[in-house]
Amino acid sequence: MTLYGDDSSIAALATPPGRGALAVVRTSGKDAIDRLASCVSAPRKLKTAPGNTIVYGWILGKNRSRIDETVISVYRAPKSYTGEDAADISCHGGYAVVHAVMETLHNAGFRDALPGEFTFRAFMNNKIDLTRAESVMEIVSAQTGRAHTSAVRRLSGDLEAEIRAIKEKLVQVLAGAELFLDYSEDEYMETNANEHAGSLPDQALAREVRAALQHLADSFHIEKLYQEGARAVIAGRPNAGKSSLFNRLVKEDRAIVTETPGTTRDWLEARIAVEGIPVRLADTAGIRDSGDAVEKIGVERSLELITCADVILYIVDGTTGLTAEDTQFLHSGAFHGAPLIMVWNKADCAREMPENHAGMVRVSAKTGEGIATLCARIAETLVADHDAHDERVGVASTRQKTLIDKALACTADALALADAGQALDIIAPSLREAVNCLGEITGEVSTADILDVMFGSFCVGK
Ligand SMILES: Nc1nc2c(ncn2[C@@H]2O[C@H](COP(=O)(O)OP(=O)(O)O)[C@@H](O)[C@H]2O)c(=O)[nH]1
Ligand SMILES: [Mg+2]
């Protein structure tokens, strides 16, 4: 019994629904091709088609009525994405045609694929491990080149290889320890085991493993940042140039810029890429005490946005400099500890920045001066103390991160126990637990619950 309950033939639309030149309906299952043959104009050709070939034909509906002219890519087990016999139907992209194709497939005995079911089958048939299965969704969701590149690395199996290599070393450490345990009755070994009290037989290798796991654990922040992105909020007094800066960063005139203070009453959001990091940038209403009810709501929303920001750009009007209102706000505690970048705007006609404002970035939303520096500062702030240019493969999902953390903690425990002079039979269980965690990352060790959560988050057709 598999997680999804059965091994029936499945079908799903793999492309976005709607009008388009083409749509791809994907099918898989041990009798998928025979079933499909019952509803095409060239049944014999399809039934006998070898793997990795294309068959041209019409998809037929009730009473063999024509539904669409298609080409069908045929795959034979085990050389397919799922490892089963499979066929991709390339039909025309439209709601009605896809609906009719799906209906005819249902009549031929296909059922709708559940989210992630194709990839799940690929995993069950040993086509890919869990890290590669996860990277499939990462590729689909990648918003910037950088996110895509690191997802490709995981799809190519780099993470799987790295985890396996670490695991092998850990197994070696464990085997060394267990050798002593197995032969502890033996007099010769006992003498040696006593000599080894307070250290693992392969202490240096265990330390190497701990360092490699630490590196993977540290990589998560960066991978997540490039994948999921961050939230930046522009704040500041009315008329400081927030909307102008927003427009400059978005590179189009989206926010309304006016000379009347208090124009942006609600907030606007745009998705931009800052040095490869997907950023949701929000322009907010000017923060000030206002009698106007609508503006007041805008100010409240600004404050709400600020509480969930990963970075805040606080804009100061460089022609007036820091005012009492700025200082009051900056000291009000509204920022909840989120990193703050102070921006001295209107550099084109501003006064010189006072010397004690050294941390400020001087820009002109009008001319574009200083914007590159500001972007670099935003990226730097989001990356925090991590190495954004690290070329090594990293962990991308919370599932992977949790297991790496666990394996790291167990390895560190084992090393600490060894340092404290504990016997090997006290140390070995921690090492074994660490090995299991690594096995769970790639899916060698897996339970239905884990698979359920993981594949359930996929989109249908994947
Ligand atoms: N000279 C100059 N004027 C600017 C600059 N940025 C904004 N402004 C002007 O300042 C005024 C207020 O800008 P706006 O973006 O609406 O400010 P907001 O209220 O903070 O959103 C407008 O007249 C803008 O043209 C700048 O860099 N240089
Ligand atoms: Mg504005």
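Taking +1 at the Cβ of each Lys and Arg and -1 at the Cβ of each Asp and Glu, which of LEU417, GLN214, GLY456 sits farthest along the dipole of the chain towards its positive end, judged by Cα position relative to the Cα centre?
Farthest towards the positive end: GLY456.
Placing +1 at every Lys and Arg Cβ and -1 at every Asp and Glu Cβ, with all other atoms neutral, what dipole size does the chain have around its Cα centre, in debye to the nearest 20?
For the chain, the charge dipole is close to 2660 debye.
Give LYS242/LYS462; LYS30/LYS224; LYS30/LYS169; LYS224/LYS366; LYS167/LYS224 a once-over and call out the pairs whose C-alpha atoms are over 31 Å from each other.
Working: LYS242/LYS462 42 Å; LYS30/LYS224 38 Å; LYS30/LYS169 39 Å; LYS224/LYS366 33 Å; LYS167/LYS224 24 Å.
Check vs 31 Å cut-off fails for LYS242/LYS462; LYS30/LYS224; LYS30/LYS169; LYS224/LYS366.
According to the Kirkwood expression over distinct Cα-Cα pairs, how big is the hydrodynamic radius of the range 1-124, in Å?
So the Kirkwood estimate lands at 14.2 Å.
Need one number: nm distance between label points at ARG44 and ASP452, each 7 Å from Cα along Cα→Cβ, rounded to one decimal.
4.9 nm
For ARG280, put the label point 7 Å out on the Cα→Cβ axis and report which residues of the range 121-143 keep their amide N under 20 Å from it.
Inside the label zone: 138-143.
Determine, from the Cβ-Cβ distance of ALA165 and THR398 and an R0 of 22 Å, the FRET efficiency 1/(1 + (r/R0)^6), rounded to the nearest 0.05. Show your work: numbers first, answer last.
Numbers: r = 23 Å, r/R0 = 1.03.
Computed FRET efficiency for ALA165 and THR398: 0.45.
Length gain on complete extension for the stretch ALA358 to ARG19, per 0.36 nm per residue less the alpha carbon to alpha carbon distance? The partial results should precede the final answer.
On the way: separation 339, 0.36 × 339 = 122.04 nm, distance 5.40 nm.
That pair, ALA358 and ARG19, stretches by 116.6 nm at full extension.
At ARG76 and GLU269, where each label point lies 7 Å from the Cα along Cα→Cβ, what is the point-to-point distance in nanometres?
Between ARG76 and GLU269, the label points sit 5.1 nm apart.
Between HIS331 and GLU103, 0.36 nm times their residue separation minus their Cα-Cα distance comes to what? Display every interim value, and only then the final one.
Details: separation 228, 0.36 × 228 = 82.08 nm, distance 6.30 nm.
This chain segment gains 75.8 nm when fully extended.
Taking the Cα centre of the range 10-128 as origin, work out the dipole magnitude from +1 charges on Lys and Arg Cβ and -1 charges on Asp and Glu Cβ, in debye rounded to 20.
Roughly 240 debye, rounded to the nearest 20.
Can you tell me the FRET efficiency between THR319 and GLU444 if r is taken as the Cβ-Cβ distance and R0 is 41 Å, rounded to the nearest 0.05?
Rounded to the nearest 0.05, the efficiency is 0.05.
For Cα pairs less than 8 Å apart in space and 6+ apart in sequence, what is the mean separation divided by the residue count of the chain, i.e. the relative contact order in percent?
17 percent
Could I have the simple spin-label model distance between THR307 and ASP385, label points 7 Å from Cα toward Cβ, reported in nm to one decimal?
Placing both labels 7 Å beyond Cα along the Cβ direction yields 2.9 nm.
Using just the C-alpha positions of the chain as equal point scatterers, what log10 of I(q)/I(0) does the Debye formula give at each q in 0.12 1/Å?
-1.03
State which stretch of the chain is the longest one without any exposed GluC sites (Glu not before Pro), exposure meaning a DSSP loop state and at most 12 other Cβ atoms within 10 Å.
Formally, the longest exposed-site-free interval is 1-184.
Putting +1 on Lys and Arg Cβ atoms and -1 on Asp and Glu Cβ atoms, find which of PRO16, SER135, LEU200 reaches farthest to the positive end of the dipole of the chain.
Selected residue: PRO16.
Computed from the coordinates by the stated procedures, all read-outs in this text should not be read as laboratory data. For clarity, every value in this text was computed on a predicted model and none was experimentally measured. Neighbour counts run over all protein chains shown; Cβ positions are idealised from the backbone, glycine included.
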